[in-house]
Every structure is written in C-alpha cells, then in structure tokens.
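*Asks:* What follows is a structure written as structure tokens; I'll ask about it next.
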Amino acid sequence: MVDRDAVVHLLRRATFGPTAAEVEAAGRAGVAATLDRLLSPVGTDPGAAATPPPELGADPYAGITKESGREQRQQAQKKRAEQARGLVDWWLDRMVAAEHQLTEKLVFFWHGHWATSVRKVKSAQLMLGQLDTFRRYGRGPFEALVRAMVRDPALILWLDGQKNTRTAPNENLARELMELFTLGIGHYTEADVKAGARALTGWQVDRRTGEARFVRRRHDPAGKTILGRTAAFDADSYARLLAARPEAGAFVAARLWARFAGADVPLPQALAGTAGTTTEVLRALFTAPEFGQARGGLVKQPVEWAVGAMRQLGIRPGKLPDQQRRELANRLAGMDQVPLRPPSVGGWPAGPAWLTTSSLQARMRLAALLAAAAAPEVTRRLAGTARDDRPEALARLLVVDRWTPRTLAALAPLADDPRRLLVAGLVSPEYTVS
C-alpha cells in the first residue's frame, strides 16, 4: 500500500511546491519510484528547455574606457541593472516551469550556500555562469564543485579574489571558503586562512570576456602549510584538500539537512558520515527515518513559497504583464529575498526569521497578487465547488493535509470569494510551514 503522507512529504521538501496532479501521479507510483525520479530524472526537462536563458550579450561596461563620458557610464550601469532584473525574472520563470524540480531546487540551494550577489559582481552574465556551474556540478562530487567555484568569476569578484596577489594576499575568499562553504567554524586556524589565501593568488577576471584567467606572475608558488599538510598548494590542490576533509562532508550534509529536513531536527549521525556525490547524500537524507518524522516544522523561504504557489495556481511569471512581473519582484524584495541578491556572503536567514510581522504583511500583498493572477481554471474550479466544500478544495489545490480548526474558522467566511479564499490559504500557517 502506498504511504500517501510519505509521498506528499517528500514532494513538499524536494520540490518548490507540488501540484495536485503531481501528488496524484506520485501516489500511484509510490515513494521509492518517486524518489528515483526526483534524484535521477530521465531525459531532457521539457519545462526548462522551453525556458531558455535570456540572450544577455556582452557586459555593457565592456566598452567603457577612461575616456568614456558620464552619460556613457550611466547608460552602461542602467543596462547592467536591466540585465540583472531580466535574469531574475527568467530564473523565477524557470523555477516554476522546470519539471525536474529537485534539480532546480538544488541550484537554488547552492546559490544560498555559495551566496554571491549581483549587486557587487555587477554582471548578469557572470551570475548566469555561476548558476550554470551549480547545474553542472551541483549533483556530483563535492570536490568538483569546490574546484569549479574557486575559479568562478562571480565568486572571485564577490570576495575580492582579483585583489589577491603574491605581494598583497587578500584573505576574503580563503576565509569564507573554509568557514562558510566547506569546513565550518572551528575547523581551521588563522594560519590556515593566510596560507589558503596564498594558494588562491593569481586568479583574475577579464571583464571583457567574463572569464577567470590565471596570471602566473601574481601567484605565490612557494610551499604552504594548510590543515597540517605542506605542499606548493594552488587553487586546485587547495580545493581538493578542503573537499576531502571529513569535516567538509559533515558540514555540507548538515546544510542539506537544514534546508530539506529542517534545522530543528538533529542531523542523523549516519548522514554526517555519508560520503559520495550530492545525489547520494540526498538519497540518504530522504530515506533516513528521521526525515520521515521531520514534518510540519520547516518554514518556507519566500522564493520557495512564491514559486510553489505559482506552480499550484498555474501562473507563469514570465508571461505576466510587465507591471505584475515588476510587482512580483518588488513583493519578494519586501519579503527580503530576491534571487541573485543575498544580503551577505552568509546567505539568507532560515526558519522563524521569515515569520516577522513585516514579512507577513509583505506575504499577504504578494498572495493578493498571485490570487489575482491565478489561472482562470483555478478560480473557476473553486467557484464551481459547493460553498461549504471550498476550504477542502483549497487544501487539495495547495497540497495542505488538513486545516486546523482555527484556520478553518478563518477560511469559512471567505468561501464566497475564491480570490480572498486563495489569499487566506496562501498565508495560512499550514501552507507557510510545511
């Protein structure tokens, strides 16, 4: 017999938000087959293929020289901002359209992990390249991802790697690489940071081509001692050293667990020692008994909440009128989470931090926008349901197991107005916390 609750729990955590049709199909397939499909999707993703990245062209600043006037610089800055907004619009649309949902959600996870902001990078082209890196390496061995990221142009600019030379080492990238990206606090020393910075010297970003290149004369080739190992470390060997440490495996497993299971549930000891690819770690995570027990305590991040709602309401953000598309981005900004714009290298907060009074007000405004933009068949379906049955129909639409008596009492008076009912359902505790 299929455990429907287990299937729904898996879909809620492994996707941005399952539709009722996806729940029905997964219920027929069962937990094991659904997990296999999520972890190892077959073939091309038709939704993603139909949502190709925007043609950004060259960096508008590539043609700016010392002789360029103020107006030229302002126009280049304006064009850069337009490209960045267009990239955010495209990615939100892809998150909704993608049928290989875990793949896209994992890209968003890595974006929060290697938190890089376009506000400092100032290049939509480089941010798109970083997202491509997450897609290419994000499911595989952690070492390959770390090696790719230490030469990622956006990350190098974000953490001042281009200023890191043999005569003036800059420690920003080395410090965050160990503290936030691979090992975690307490598993390295200040001497390790200094030596790590020397290992990363020599990498520069060519703004005209958007490529990172190694400038040998700026690199420190001397021996370095890092984490007790002495060698002539460079970026590659330093990345391999960090990724091979057992602390790195435990650190990444804990980050994945916090995102997909919940920070309030202790990381299973067996998962802390899991080795292998990210896909293998995720399989161990989703099949851990503790994951099945971690229900109803994970606060959705604003982007996850909004993307899940749009999937369930039949909204394609890329097809919204310009005004509504701009309003969508503005409402996400009001909730303090816009893709490509994390607040710091530490990424976004998690859990109850998203449940402030101000965030609830912003969530209600965005919920009203989404309810107004819902596909006509969604509101027709609710309107065509008997009045007293509409809260239950709403629960099926939003894949909510059941309303508490308190929420049901709040929904009942709104049953005459499908849009107001949708808004109330989207901001309900049962939908906001999965």
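The values are calculated or read from the model by the stated rules, or taken from the named source; none is laboratory data. Source: prediction; values computed, not measured. Here Cβ is always computed from backbone atoms with ideal geometry, including for glycine, and neighbour counts include all displayed protein chains. In case anyone asks, the SASA skips ligands and DNA or RNA and just uses the protein heavy atoms, side chains included. Shrake-Rupley method; radii C 1.70, N 1.55, O 1.52, S 1.80 Å.
*Asks:* Consider Asp206 carefully, then state whether it is of a type outside the set (A, V, I, L, M), open to solvent by 10 Å² or more (accessible area, probe 1.4 Å), farther than 30 Å from Gln293 by Cα and in contact with a helix residue (DSSP H, G or I) (Cβ under 7 Å, 6 or more places away or on another chain).
*Replies:* No.
*Asks:* For segment 22-52, how many residues are among the hydrophobic types (A, V, I, L, M, F, W, C), assigned to a helix (DSSP H, G or I), open to solvent by 60 Å² or more (accessible area, probe 1.4 Å) and under 13 Å from Ala98 (Cα atoms)?
*Replies:* Selection size over segment 22-52: 1.
*Asks:* Among the residues of segment 100-150, write down those that are β-branched (Val, Ile, Thr) and either assigned to a helix (DSSP H, G or I) or modelled with pLDDT under 95 (or both).
*Replies:* Answer for segment 100-150, where residues must be β-branched (Val, Ile, Thr) and either assigned to a helix (DSSP H, G or I) or modelled with pLDDT under 95 (or both): Thr103, Val107, Val118, Val121, Thr133, Val146.
*Asks:* Moving on. I'd like to know if segment 242-259 contains one or more residues that are open to solvent by less than 40 Å² (accessible area, probe 1.4 Å) and more than 22 Å from the chain's Cα centre (by Cα).
*Replies:* Within segment 242-259, one or more residues are open to solvent by less than 40 Å² (accessible area, probe 1.4 Å) and more than 22 Å from the chain's Cα centre (by Cα).
*Asks:* I'd like to check something: does segment 63-74 contain any residue that is closer than 16 Å to Arg316 by Cα, aliphatic (A, V, I, L, M) and open to solvent by 10 Å² or more (accessible area, probe 1.4 Å)?
*Replies:* Among the residues of segment 63-74, not one is closer than 16 Å to Arg316 by Cα, aliphatic (A, V, I, L, M) and open to solvent by 10 Å² or more (accessible area, probe 1.4 Å), which makes the answer no.
*Asks:* Please state which of the following conditions Arg402 fails to meet, knowing it meets all the rest: (1) assigned to a helix (DSSP H, G or I); (2) of a type in the set (Lys, Arg); (3) open to solvent by 40 Å² or more (accessible area, probe 1.4 Å).
*Replies:* (1)
So that you can scan it fast, the table gives a plain yes or no per residue for (1) of a type in the set (Asp, Glu); (2) open to solvent by less than 70 Å² (accessible area, probe 1.4 Å); (3) out of contact with any Lys or Arg (no Cβ under 9 Å at 6 or more places or on another chain):
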residue	(1), (2), (3)
Arg311	no, yes, yes
Leu328	no, yes, yes
Asp336	yes, no, yes
Pro342	no, yes, yes
Trp348	no, yes, yes
Gln361	no, no, yes
Leu369	no, yes, no
Ala372	no, yes, no
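Conditions tested, residue by residue: (1) within 20 Å of Ala243 (Cβ to Cβ); (2) open to solvent by 10 Å² or more (accessible area, probe 1.4 Å); (3) in contact (Cβ under 8 Å) with a residue 24 or more places away in the chain; (4) of a type outside the set (Gly, Ala, Ser).
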| position | (1), (2), (3), (4) |
| --- | --- |
| Leu87 | no, no, yes, yes |
| Trp91 | no, no, yes, yes |
| Ala97 | no, yes, yes, no |
| Gln130 | yes, no, yes, yes |
| Phe134 | yes, no, yes, yes |
| Pro141 | yes, yes, yes, yes |
| Arg147 | yes, yes, yes, yes |
